[in-house]
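Scroll down for the structure; my scribbles are underneath it.
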Amino acid sequence: MKNFFKILSVNILIVLTTLSLIEIFFGYWFDENNLGPYVREHRMRKASYIVNYEGKSYDFIYKRNYHAFRGADVPLKDISAVIMGGSTTDERYKPDKYTITEILNKKISKTKNDIRIYNAGIEGQSTRGHISNLKYWFPKLKDFKPKYILYYIGINDQYANKGLRNEFQDGNILSESYTERILDNIKSRSIFYDLLRKLKHRYHKSDKKLLYDFDEGIKKYKQNNPEFLSYKEFIKNNSLEEVLLKYKELTEVYTARIDKLHAETIKMGSIPIFINQLTAKGFNNSKLVALNSSLIIHCKKNKYHYIDVASNLEGKLDFWWDGIHTTPKGSKEIADIIAPQLIKIFEDTNK
């Protein structure tokens, strides 16, 4: 019996030593480009959705790849452009082909521009979170050198100054729990855990379906909210200067972040392009009016590349299924505004 336990102990020791050596030599423990505990919620994610829209049902799988971009894996060196933003950029609640990103890609593919945009949207992120991405996410991606970074921004910056919200809570790129941070760090550096996640991400098919009824959402929103107010109608009876003055403190913080994003993007060797956005309230939301307008004024003043969706969008309530997130119809309308101006920027900067 003693010999048995002795042999067992030796075998266990050999196995543990072998596993440890494999971890040390093949894991990512000393890799300076390892993401560590960051972007914890957004790498190799997969979820099944069923969405009801205009009487039809859409069953699809939402995926984020190994490097946390939406969609399938792609060599980082092949990424020529990314779009950053919050949930209105991520658009996880609809199939890829109905997202603003993919509609833009379809339009761009018909031009001479050899550019494809990859979706880097993260739910809940404001410009504060995007700055964190440029510090903790993108620099860790070897061979990642996009020519363009698009920022589809504004909605989440209404809330970015709340005291409880820091750069890591903004999009949940880092756990607030110290224990979870340690575990996330170990998981991202372990070769065995990494291989298991890759296998699960590739082959696992979840039976869990998350259902979103766009038709019901549109119906409820219409019952309790006013019609969309366009820029043309807003400017007839309102003073933009008064709105900007009212939210001066908010817009100063916002434009300071825009400057930070611009500087850090240029430092990466990429060209930043800023795009504003609206909810179903349109110009009825004075705080968002201030953010959108200050962005355009600031970009014009500093000669930043920008696209003014807000002032050009003639919205309808069925462009959004919950007042904030767009339906396929809304995404197409927004992409139709962005595309020609974006293509022109591509052409002007590729001369």
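Miscellaneous remarks
- Per-region count, segment 59-78, residues among the acidic types (Asp, Glu) and in the same structural domain as ASP96 (by TED's automatic domain parsing): 2
- Among the residues examined, ILE115 does not qualify as surrounded by 22 or more Cβ atoms within 10 Å (Cβ to Cβ) and in a loop (DSSP other than H, G, I, E, B).
Residue-wise test of (1) in the same structural domain as LYS329 (by TED's automatic domain parsing); (2) within 24 Å of GLU264 (Cβ to Cβ); (3) at pLDDT 95 or above.
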site: ILE115; (1), (2), (3): yes, yes, yes
site: TYR118; (1), (2), (3): yes, yes, yes
site: ILE122; (1), (2), (3): yes, yes, no
site: ASN133; (1), (2), (3): yes, yes, no
site: ASP170; (1), (2), (3): yes, yes, no
site: ILE191; (1), (2), (3): no, no, no
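Residues are listed down the side, and each one gets a yes or a no for (1) within 21 Å of the chain's Cα centre (by Cα); (2) at pLDDT below 95; (3) closer than 22 Å to PHE234 by Cα:
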| residue | (1), (2), (3) |
| --- | --- |
| THR279 | yes, no, yes |
| LEU291 | yes, no, yes |
| LYS300 | no, no, yes |
| TYR306 | yes, no, yes |
| LEU313 | no, no, yes |
| TRP320 | yes, no, yes |
| THR326 | yes, no, yes |
| LYS329 | yes, no, no |
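- Going through (1) assigned by TED's automatic domain parsing to the domain that holds GLU333; (2) surrounded by fewer than 21 Cβ atoms within 10 Å (Cβ to Cβ); (3) among the basic types (Lys, Arg) one by one, LYS56 falls short only on (1).
- Every condition in (1) over 24 Å from LEU134 (Cβ atoms); (2) in a helix (DSSP H, G or I) holds for ALA280 except the one numbered (2).
- Flag set for LYS106, criterion: free of Cβ contacts under 8 Å to residues at least 12 places away in the same chain and not small (Gly, Ala, Ser).
- Flag for ILE266 being assigned to a helix (DSSP H, G or I), aliphatic (A, V, I, L, M) and over 25 Å from the mean Cα position of the chain (by Cα): no
- GLY330 vs. criteria buried (at least 22 other Cβ atoms within 10 Å of the Cβ), in the same structural domain as LEU229 (by TED's automatic domain parsing), in a helix (DSSP H, G or I) and touching a Phe, Trp or Tyr at 6+ places or on another chain (Cβ under 7 Å): yes
The values are calculated or read from the model by the stated rules, or taken from the named source; none is laboratory data. Keep in mind that what you see is a predicted model, and the values were worked out from it rather than measured. Glycine gets a Cβ as well: all are built from the backbone with ideal geometry, and neighbour counts include every protein chain shown.
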